[in-house]
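A.B. asks: Would you mind keeping the following structure in view while I ask a few things?
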Amino acid sequence: MQKSKWSELLMNSITSKAKKWARGIGWLLAAYSLSFFFFSAAQAARTIDSVTLNGGSSVSVEPGTSITVSITVTTSGGDDNWQSTGWRIANGAGGYTCVNHANHNTDGTYTETFTITAPTTEDIYNAYFVAYSNNTCSSGASVANVMTDAVEVATAPLVSNIVRASANPADSNSAISWTVTFSRNVTGVDATDFALVQTMGVSGAAVTSVTGSGTTWTVTANTGNGNYGGDLGLNLVDNDTIVAGSSPLGGAGAGNGSRTGPVYMISPPCVPPENLDAALRAQLTCVCDNFNRAAINSPAGPIGSWVVASNDSTGIVPYIPSSAPGYLRLTERTQNNAKSATVPGAYPARGNFISTEFRYYAYNGNSADGIAVTFSDYAEPAVHGAYGGSLGYAQKTGINGFAGGWVGFGIDEYGNYQNPTEGRQNLAVPAGGFYPQSIAVRGSGSGTSGYYLLGGTAGGQSVDASGSSTPAPGHRYQMIVDARNYDDADKQTVVTVSRATSGSAYSQMLNIANVYSVNPSQSVVPDNWQISLTGSTGTSYNIHEIGSLRICAQNRSDPPVEIASGFNAIDEAYGTATEKPVLAELLTGHIYTKLAGTAFNLYVGALTAVPQIDTSFTGNVTVRLVDDENGACRANCTSSACTGKTDVANRTLNFTSGGSTQDNGIKLYNFTVNSAYKNLIAIISNSSITACSTDSFAVRPLAFQSVASSASNVGTGGTPIFKAGSDPFTMTVSTSTGNYTGTPELNSAGLEVYAPAITKGAVAGTFNPAIASSATGNGFTYDEVGAFTLKGYVPIATDARSRGVHDTAWTAIDSVSTKNDCVGASYSNTKNASGKFGCLFGIAADWNLGRFVPAQFAVSDIVLNNRTDLSCSPPSLFTYMGEPLTSTFTLTAQNAAGGTTKNYFGSLAKLIPSGTPAVLNFNLGAVDVNFSTTAITITNITRANPAEVTAPGHGLVTNDWIKIADVTGMTQVNEGIYQVTVSDANTFTLNDTNSSAYTAYDAGGKAFKRLSNGTNRSARVEQISSAISWPSSGVDMGIARDVNVTYRLNRPAATGTPATVTPDGALSVEFGIAPVDSDGVTTLHNIDVVSPAGNDHASIGISTLLFGRVRLSNAHGSEKLDLPIPMHVQYWSGMTFVTNALDSCTAFGTANVALANRTDGVTLANVPNNHFTLGGAFVKGVGSLKVLKPSSLASRGSVDVCIDLGTDTAPGTTCLATTSANVPWLSGSWGGGVLFDDDPVGRASFGVYKSEFIYLREMY
């Protein structure tokens, strides 16, 4: 037997299974080697050296695939031919396939290459090769070359599937995974085999890991940081690196194993969109919803529970498809749908900026109709508008538009949203029309009126993908309402629409710069908006869905919202005589404020769980109205704390169903509540269900019917009287309605003056909570003079007429801006067109209260004029005792807070002159003032209220008094006395001193700290005259300007026996006034004049007071010359009389001078009565008086010269001139007088020599 046959039979005798077992057994392999050796020794003409399959020792190929064989054979000996090769791929016996190749007929080593075909059945095979000497593989067979398990025949590995392994949608900048399953165990799987596909606004996504083995692998990626979200898909990109054994994915060749994986919807981050400027973005906060839950109306949603409704025949409300979370489905592919989904939350409208973004999908239909994004008044339930081309926002013939709609952004597939057909209304501009595949905006409306087109795009905007069976096109939209510049006087609101169809960049589709410019009749911006999405179909349809909602606004609130379940009760105003409420109204409708004792109705609706109106519901239903002020029912309607409440009212009625005349799930209940309640709730129940109304409501009194007050005098005189701003008075208001426990409020808008007063003041104070429906306040004050009226109900007045006392809080549960269940600022007890009463109630009739008088008089703008009877220039710095001086000042009637009481005039002004002649007693006082002699240096005074003084290291403490002098510039502060408040060691303020209008400070200034007051000089003060006037109109009402008081500080009275006047002074005296009007009102005091201690007068200035006299001295001289008479004005220095160097103002006239007592040679003939001259005013206390030389003189003689100052008494000198100077304050004690009431006298002697020289003249 030849070696090849023997070895082949040996191997074929071993089954495939046994062969595999034998591979590990050494003796079998050893035996095989031995046989191979034995037969080779016998015949070794052709030896197969090596064989490669596709270049290797083994291959993995698909069934029937060609394999390239490279075989090397060495020939030798006499039989050295090699002309053909036999091959076989098998696991058992069988024949060979012959390959006739080139002939090799000499000794040598040769290689041949040819192809063979793999089996068609998958398995692992051996490969057999035999070299032959002839061309037909029939002789000269070599030893078979056996390649064990060298050929694997298998299908190429493929991707079985790629599926999402994480929740969809996914958040931005989060980790997501895909599971990739292969048909066979593979290796070589890594990140380079995958590509992420980022669309719309996704950016920065990256594969972060690839894990797994065998057939199952996990690819994880980060979703990136794009601001707008979008789609993120995973594709496997075959590059032949993934292999099963040596079989590449999909077979040899790149790309044939590639696979497109599913897409994640990536929600945008809940931050403001990047297409807004940075300053605005910093002011915005956002809420977002990616709809990745089971129920849209679940409180567990990211922004709370949506309110969904539908009034079409499908009975299907908007929902999140369980098979495709991430989408809010607004309509099915059904006809004539109108549905709405309202976003939780309220958006304050005025002054707000709101950006609403979402992705839009309209598909699997025939392009109709579209959706609308609506902004409506939050105070009204979100009841959608008409189906079809109205997109659930606009009206249609016989169908109302969106309730409270303010603006509706429409994405219109069919093209009728802009069309003024089917009952929709357009302005002349824009006129609108039929525009398929367009975007448009409609404005405000009510019922079937309005909702005018504000603007729209042309058609052809490709807004849907009706031919797609999966959600598409997924464009991102942005609708902006910008009411930041809106107010009722200047109505400005911007609306824009932008869209991104790919990438992240928005393209603006519409920009309406001001909706009021397009439609001036657009309704006012409400207090709050709610945002809804409506879906609509007509005869044609699409599926309509949104995803990735992001709403960013400057302001947003979350008022509590309840959605009815089982039963609900709403106000009768939601229905009419012919129409019952619709589903959306029954779900979230309100109950409006009611009047005590006035009958009202409530609609009660039975609801299914969907929710829908349960039109087939029958049976008895009880409605109980209970007081829920403690909130127990609102917290848990079925708790015993709620159901155990005492009924305020109750009704049980039977529901019927069937024909159009039956209840069919909605029934009207009638109630009357006779007492007042802040918070009533309806508990609705039958034998199996208990529910509470989603809204609570108030029942209010009609008015306060009775009033009383301690301020009962409205005349101009008499009692009681109350000082303005300080004396408290009482007020009590009562209502005949029981259970009122509220707190009434004063309303300044309801206060009027009571004649003759013409200026309205303000009432301060509060009422206490009512007890037994009566409320009292004990601490009220009024800050004006006279009387006032608190307005009440006047039949001819409007319901908005302010009441002077009212309650604004009782109906708080209804009056909040998110509800408006009563009419704000209205006292109406009659329903308006919307079925609402006024929120307010007040006093039923006008109420007059009085009488009020000033709390005090304030003295300001003081100017003290020394020596009033003279016109000294510069002004005198002193006044002689007994000489008149005048204080001019402003007197202001004030309330206790220091405000001017402007009604202090006419019959209401009591500080006025009286008697004959009319005189006003200012109750003057005077006191010595002592100031430190140590000066505090001033470096600055501000023009401010109060004035601030800079005086480094001043050493003062708060409430010290100072005197200021020597300031230049702001001279108004000089000689003033001020109380101070210390700011720090270097500055202090002057209390009650407003220097804002003073001349600016220039330089200098000293302050002297006031020490204790001295002697009370009031007994010596004498009022001479006064003048005062209170204006009855103009800005100075309540202010008497240029009040003047002329007075004097008399000389000391004579004392002792005989009575003698003793001079005193010099004195620094502060004068004060303390007038009292007939109502007992006096000045605001700031100086202490009389005992006991305490301020008792208002300062009107400080002056230096001197005890003065005029002295004439004797003179003698030649009869040839005029004779000067020494004349001085003097004052008492404390020890003696000294010349007053400050007096350059005193002057006498010639009529005040007399010549008398002529002696010897002086006669009337040579020295007549007018034989003298006067030199005018004194200069620094020295006067000029000359007696002229005698016209002739026979012998020496004399004449007395005197000045007639006033009335004299004996003893003492007396002068009788033509006219008295009437300045008794300059009288002295002459000629033995002791009362200082003597006229001065001097003697002029002529012909009497002063020395031994008669006349001396030096000659040079």
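No value in this document is a laboratory result; all are computed from the given coordinates. Keep in mind that what you see is a predicted model, and the values were worked out from it rather than measured. Cβ sites come from the backbone with ideal geometry, for glycine too, and all protein chains shown count toward neighbours.
A.B. asks: Quote the FRET efficiency, to the nearest 0.05, computed for residue 609 versus residue 688 with a Förster distance R0 of 22 Å and r equal to the Cβ-Cβ distance.
C.D. replies: E between residue 609 and residue 688, to the nearest 0.05, is 0.95.
A.B. asks: Sticking with this one: Return the percentage of antiparallel bridges among DSSP beta bridges fully within region 567-700, rounded to the nearest 5 %.
C.D. replies: Antiparallel bridges make up about 95 percent of those DSSP assigns within region 567-700.
A.B. asks: Just want to confirm a number: the relative contact order over region 422-533, from Cα pairs under 8 angstrom separated by 6+ residues, in percent.
C.D. replies: Over region 422-533, the number comes to 20 percent.
A.B. asks: Of 402, 904, 575, which is farthest along the charge dipole of the chain in the positive direction, counting Lys and Arg as +1 and Asp and Glu as -1 at C-beta?
C.D. replies: Of the candidates, 904 comes out farthest on the positive side.
A.B. asks: Going by average Cβ neighbours within 10 Å, how do the peptides 771-780, 354-363 rank, with the highest at the top?
C.D. replies: 354-363, 771-780
A.B. asks: Among bridges DSSP assigns within region 133-272, what percent are antiparallel (round to 5)?
C.D. replies: Around 95 percent antiparallel, to the nearest 5.
A.B. asks: Please report the antiparallel percentage of DSSP beta bridges with both residues in the chain, rounded to the nearest 5.
C.D. replies: 95
A.B. asks: Charges on Cβ only, +1 for Lys and Arg, -1 for Asp and Glu, centred on the Cα centroid of region 49-202; of 179, 50, 168, which one is farthest towards the dipole's positive end?
C.D. replies: Farthest along the dipole direction, towards plus: 168.
A.B. asks: If you don't mind, there's one more thing I want to ask. With angles folded into 0 to 90 degrees, how steeply does helix 3-12 sit against the dominant principal axis of the chain? Use alpha carbons for both and round to 10.
C.D. replies: Value to nearest ten degrees: 60.
A.B. asks: What shape does region 706-853 take by its C-alpha gyration tensor, where a ≥ b ≥ c are the square roots of the eigenvalues and a/c under 1.5 counts as rounded, a/b above b/c as prolate, and the rest as oblate?
C.D. replies: prolate
A.B. asks: At a 10 angstrom cut-off on C-beta neighbours, averaged per residue, how do the peptides 123-132, 430-439, 185-194 rank from highest to lowest?
C.D. replies: 123-132, 430-439, 185-194
A.B. asks: Rounded if a/c is under 1.5, else prolate if a/b is larger than b/c, else oblate: which is region 115-173, with a ≥ b ≥ c the root eigenvalues of its Cα gyration tensor?
C.D. replies: Prolate shape, in that a/c is at least 1.5 and a/b is the bigger ratio.
A.B. asks: List, in order, the whole-Hz ³J(HN,Hα) value for each residue of region 467-482 obtained from phi through the Karplus relation with A = 6.51, B = -1.76, C = 1.60 and θ = phi - 60°; use x for Gly and Pro.
C.D. replies: x, 7, 8, 10, x, 6, x, x, 5, 9, 10, 9, 10, 10, 10, 10
A.B. asks: In nm, give the distance between the simple-model label positions of residue 1095 and residue 945, each being 7 Å from the Cα along the Cα-to-Cβ direction.
C.D. replies: 1.9
A.B. asks: Give me the extension gain from residue 636 to residue 966: residue separation times 0.36 nm, minus the current Cα-Cα distance, reported in nm with one decimal.
C.D. replies: 110.8 nm
A.B. asks: What angle, in degrees between 0 and 90 and rounded to the nearest 10, separates the Cα long axis of helix 26-42 from the longest principal axis of the Cα atoms of the chain?
C.D. replies: The answer is roughly 50 degrees.
A.B. asks: Right, here's the next one. In nm, to one decimal, how far is the modelled label at residue 598 from the one at residue 1133, with both set 7 Å along Cα→Cβ?
C.D. replies: 9.2
A.B. asks: Would you calculate a helix-derived [θ] at 222 nm for the chain, using -39,500 (n - 2.57) for each DSSP H run of n ≥ 4 and dividing by the full residue count, to the nearest 500?
C.D. replies: Mean residue ellipticity, 222 nm, calculated: -1000 deg cm²/dmol.
A.B. asks: Same structure again: When the dipole is taken about the Cα centre of region 159-267, and only Lys, Arg (+1) and Asp, Glu (-1) are charged at their Cβ, what size is it in debye, to the nearest 20?
C.D. replies: Charge dipole of region 159-267: 180 debye, to the nearest 20.
A.B. asks: Moving to a separate point now. Along the Cα-to-Cβ line of residue 1000, 7 Å from the Cα, sits a label point; which residues in region 947-964 have backbone N less than 16 Å from it?
C.D. replies: none
A.B. asks: Also: Would you work out the charge dipole size for region 1108-1210 about its Cα centre, treating the Cβ of every Lys and Arg as +1 and the Cβ of every Asp and Glu as -1, and quote it to the nearest 20 debye?
C.D. replies: 220
A.B. asks: Region 1077-1123: which trypsin sites (Lys or Arg not before Pro) are DSSP loop and have at most 16 other beta-carbon atoms within 10 angstrom?
C.D. replies: Passing sites in region 1077-1123 are 1120.
A.B. asks: Taking mean projected area of the Cα convex hull in nm² straight from the coordinates, which label in (1) 54.8; (2) 99.6; (3) 65.3 is the correct one?
C.D. replies: Here mean projected area of the Cα convex hull in nm² agrees with entry (2).
A.B. asks: Could the peptides 613-623, 853-863 be put in order, highest first, of the mean number of other beta-carbon atoms found within 10 Å of their residues?
C.D. replies: So the peptides 613-623, 853-863, ranked by packing, come out 853-863, 613-623.
A.B. asks: With +1 assigned to the C-beta of every Lys and Arg and -1 to the C-beta of every Asp and Glu, and no other charges, what is the dipole magnitude of region 641-783 about the Cα centre in debye, to the nearest 20?
C.D. replies: 200
A.B. asks: Does region 946-1037 come out rounded, prolate or oblate, given a ≥ b ≥ c as the square roots of the eigenvalues of its C-alpha gyration tensor, rounded meaning a/c under 1.5 and, failing that, prolate meaning a/b above b/c?
C.D. replies: oblate
A.B. asks: State the answer as a single residue: which of 810, 544, 1100 lies farthest towards the positive end of the charge dipole of the chain, with beta carbon charges of +1 for Lys and Arg and -1 for Asp and Glu, about the Cα centre.
C.D. replies: 1100
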